[in-house]
Amino acid sequence: MNATSSPSRSGLDWARAQAFLARERASFARANPRSAELAAQARQHLLFGVPLHWMNDWGTPFALHVDSAQGALVIDADGHTLVDFCLGDTGAMLGHAPAPVAAALVRQATRGYTTMLATADAAAVGQALSERFGLPFWQFALSATDANRYIVRWIRAATGRQKLLVFNGCYHGTIEDVFVDLVNGQPAQRDSLLGQVHDLTEHTVVIEFNDLPALEAALKQGDVACVLAEPVMTNIGMVLPEPGYWQAAQVLIQQHGALLVMDETHTISTGPGGYARAHGIEADALVLGKPVGGGVPCAVYGMSARLAERAVKAKQDAPPGHSGIGTTLTGNMLAMAAMRATLAEVMTPAAYEHMLALSARLADGIRQTLARHALPWCVTQMGARTEFQFCPQAPRNGSEAGHALDGELEHLIHLGLLNRGVMITPFHNMMLVCPQTTVAQVEQLLTALDEVISQIKAPASR
Ligand SMILES: Cc1ncc(COP(=O)(O)O)c(C=O)c1O
């Protein structure tokens, strides 16, 4: 498929878009000399020139460097104030450096960070999580990736079943097991994985989201330990569950003796108790990372009483030695203090009320912008999260959502927005609002998007 015949580019003038991109790259380079200098220095000793190689995925000519971040704003190394709608891809969904978390960290700063022992924060956080999510037993991890890895291990151990069922196009962090895609209807290990030596297809089953017959067929084999899912897919662009999907899926999962793990790491944008709670989905386990410590590295996973009992028994029945679950810094004092403050004072109903209203305004504004420019793109909103996708109708599954991705077009739009003072997520077109985001900042994003689209659309539709 050539550049102009790609469905995502219908309505655009690709030659115009390329000229726009060249201008935007030059303008970024002119405006960010300090970032350029820091990027050059970092390249001397950091592989790929950044602390994590993904930090090069922003579509900027060199890595943008940050000076500080507060609320909805990021101040870059050259002193520009950027309105942040990426919010650390959800890590800072509750705003950068929320005051109650900062205060908790300051309190803890001279009282120790890590002892491999609990403080009084542990029981308080456990109680807050149970009340919020309705699951009685909790454990911790340093990232959502690890939380997913550990819950899958606990469930495999507790059920004695080996297989994990995931949805095509899913992402649950870099837990290896999930990198199995459906390619022409057949499971295939993701070929971009580095250093992956085990055959992941042996223990992972993959089906399309919103496909109940496929779910039933997979579960009927009787070897699925758990379904690991986001209640709304968010990592291949958003895919909403069809009405009644989760209700029917839960019945099938239960009928066939499997368990359901809801990964709410992104869908916590729905409301204070996540998507599952808001929609009556009763999962056996729940995972939440990213914003649960207000941006401080930590994650949690909860279990039903029944699963907890089976997990404890599995541990008691196992030979003494390492469970393969946990890391030294897990549940450290700093992270527990951050979670306690976040759960009590930051992740509040009032914060969500603000975010949800503003996000609806943003989603409406984008719909109007797209309609004005007659672009065949759709907009989906889930609580504080809004996304536009390069397809006329909201995708029903990972394959459809995957077809609507266009990395080159995304980067071009993102760079255009960045040069106009607004940041959105580098992967697909996701935008989050936080408790400090203002109406004026939403308008700034809409104006910037309008300008960028005006620069790249086809003359006939201009
Ligand atoms: C749904 C979901 N789960 C887990 C993760 C992994 O989070 P982390 O990279 O913080 O481990 C992500 C990351 O994007 C995610 O989207």
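The values are calculated or read from the model by the stated rules, or taken from the named source; none is laboratory data. What you see is a predicted model; the values in this text were computed from it and never measured. Here the Cβ is made from the backbone with ideal geometry for all residues, glycine too, and neighbour counts use every protein chain on show. SASA here: full protein model, heavy atoms, side chains in, ligands and nucleic acids out. Shrake-Rupley method; radii C 1.70, N 1.55, O 1.52, S 1.80 Å.
Quick notes
- Calculated P(r) tail over 43 Å for the chain, as whole % of Cα pairs: 13 percent
- Annotation: amide H-H contacts under 5 Å for residue 265 (H modelled 1.01 Å from N, sequence separation of 5 or more, or interchain): 289.
- Dipole magnitude of the range 1-80 about its Cα centre (Cβ charges: Lys, Arg +1; Asp, Glu -1), debye to nearest 20: 260 debye
- Å² per residue, accessible surface of the chain at 1.4 Å: 43 Å²
- The local environment of residue 175, defined by Cβ-Cβ distances under 12 Å, has a net charge of -2 under the rule Lys, Arg +1 and Asp, Glu -1.
- Most to least accessible of 192, 10 (protein chains only, probe 1.4 Å): 192, 10
- Carbon and sulfur %, accessible surface of the range 76-181 computed with the full protein complex present, 1.4 Å: 57 percent
- Among 138, 26, 200 - extreme Cα towards positive end, dipole of the chain, charges at beta-carbon: 138
- Each stretch of four or more DSSP H residues adds -39500 (n - 2.57); spread over every residue of the chain, this sum gives -12000 deg cm²/dmol at 222 nm.
- Sequence-distant residues sharing a close amide H with residue 77 (under 5 Å, placed H): 65, 66, 67
- Only protein heavy atoms count here; under a 1.4 Å probe, residue 369 has an accessible surface of about 0 Å².
- Computed over neighbours whose Cβ is under 15 Å from that of residue 335, the net charge equals +2, Lys and Arg +1, Asp and Glu -1.
- Antiparallel bridges, percent of DSSP beta bridges restricted to the chain (to nearest 5): 65 percent
- A viscosity of 0.692 mPa s and a temperature of 37 °C, combined with the Kirkwood radius over C-alpha pairs in the Stokes-Einstein formula, give the range 1-144 a diffusion coefficient of 168 µm²/s.
- Long-range HN-HN contacts of residue 422 with modeled amide H, under 5 Å: 83
- Among 313, 163, the order of accessible area from largest down is 313, 163, computed with a 1.4 Å probe on protein heavy atoms.
- Per-residue ³J(HN,Hα) for the range 69-82, Karplus 6.51 cos²θ - 1.76 cosθ + 1.60, θ = phi - 60°, Hz, x for Gly and Pro: 9, 8, x, 8, 10, 10, 9, 8, 5, 8, x, 6, 9, 10
- Relative contact order, whole percent, for the chain stands at 25, derived from Cα pairs under 8 Å and 6 or more residues apart.
- Sparse-neighbourhood loop sites, trypsin sites (Lys or Arg not before Pro) in the range 64-141 - DSSP loop, at most 14 other Cβ within 10 angstrom: 111
- Unit charges at the beta carbon, dipole of the range 198-293: most positive-side option, 255, 219, 239: 239
- Taken along the Cα-to-beta-carbon direction at a fixed 7 Å, the label points for residue 251 and residue 393 span 2.5 nm.
- Summing Lys and Arg as +1 and Asp and Glu as -1 over all other residues whose Cβ lies under 14 Å from the Cβ of residue 77 gives a net charge of -3.
- Positive-end extreme of charge dipole, the range 293-428 - chosen from 314, 414, 381 (charges on Cβ): 314
- The accessible surface of the range 334-380, taken with every protein chain in place and a 1.4 Å probe, is 55 percent carbon and sulfur.
- Applying the Karplus relation 6.51 cos²θ - 1.76 cosθ + 1.60 with θ = phi - 60° to the range 308-318 yields 3J(HN,Hα) values of 4, 4, 5, 5, 4, 4, 4, 5, 5, 7, 7 Hz, where x marks Gly and Pro.
- 10 °C / 1.306 mPa s Stokes-Einstein diffusion coefficient of the range 130-229, Kirkwood radius on C-alpha pairs, µm²/s: 109 µm²/s
- Rounded to whole numbers, the Karplus 3J(HN,Hα) couplings from phi for the range 268-275 are 5, 5, 5, x, x, x, x, 6 Hz, using 6.51 cos²θ - 1.76 cosθ + 1.60 with θ = phi - 60°, and x at Gly and Pro.
- Remark: spin-label model distance residue 131-residue 350 equals 1.6 nm, labels positioned 7 Å along the Cα→Cβ axis.
- Counting only Cβ charges, +1 for Lys and Arg and -1 for Asp and Glu, the dipole size of the range 265-416 around its Cα centre is about 300 debye.
- Note on residue 266: accessible area is roughly 10 Å² with a 1.4 Å probe, heavy atoms of protein only.
- Taking the convex hull of the alpha carbon positions in the range 326-462 and averaging its projected area over all directions gives 10.9 nm².
- With kT/(6 pi eta Rh) evaluated at 25 °C and eta = 0.890 mPa s, and Rh the Kirkwood radius from Cα pairs, the range 189-342 diffuses with a coefficient of 139 µm²/s according to Stokes-Einstein.
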